Amino acid sequence: MTPCPICRRRPADSNYKPFCSRRCADIDLQRWFTGGYVIPESVDDVSTEDPAED
């Protein structure tokens, strides 16, 4: 069994997979809400041109 990605102490519970409990699932959700996890954007995706200037 794979350990919980938050506490790493207990195996994942099928009700909260991949977490071991509701507590660890809530901790993960809170990290997403507060910006603890960020998906980096590529520099190529950012346009330096102002579309209003066209």
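What follows is calculated from the coordinates using simple rules that are stated; it is not laboratory data. What you are looking at is a predicted structure, and each value in this text was computed from that prediction instead of being measured. Ideal geometry is used to build each Cβ from the backbone, glycine not excepted, and the neighbour counts take in all protein chains shown.
At-a-glance table
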read-out: Order by protection proxy (mean Cβ within 10 Å, highest first), peptides 26-37, 10-21; value: 10-21, 26-37
read-out: Hz values of 3J(HN,Hα) by residue in segment 21-33 - Karplus curve (6.51, -1.76, 1.60), Gly and Pro given as x; value: 7, 4, 4, 5, 5, 5, 4, 4, 4, 4, 5, 5, 5
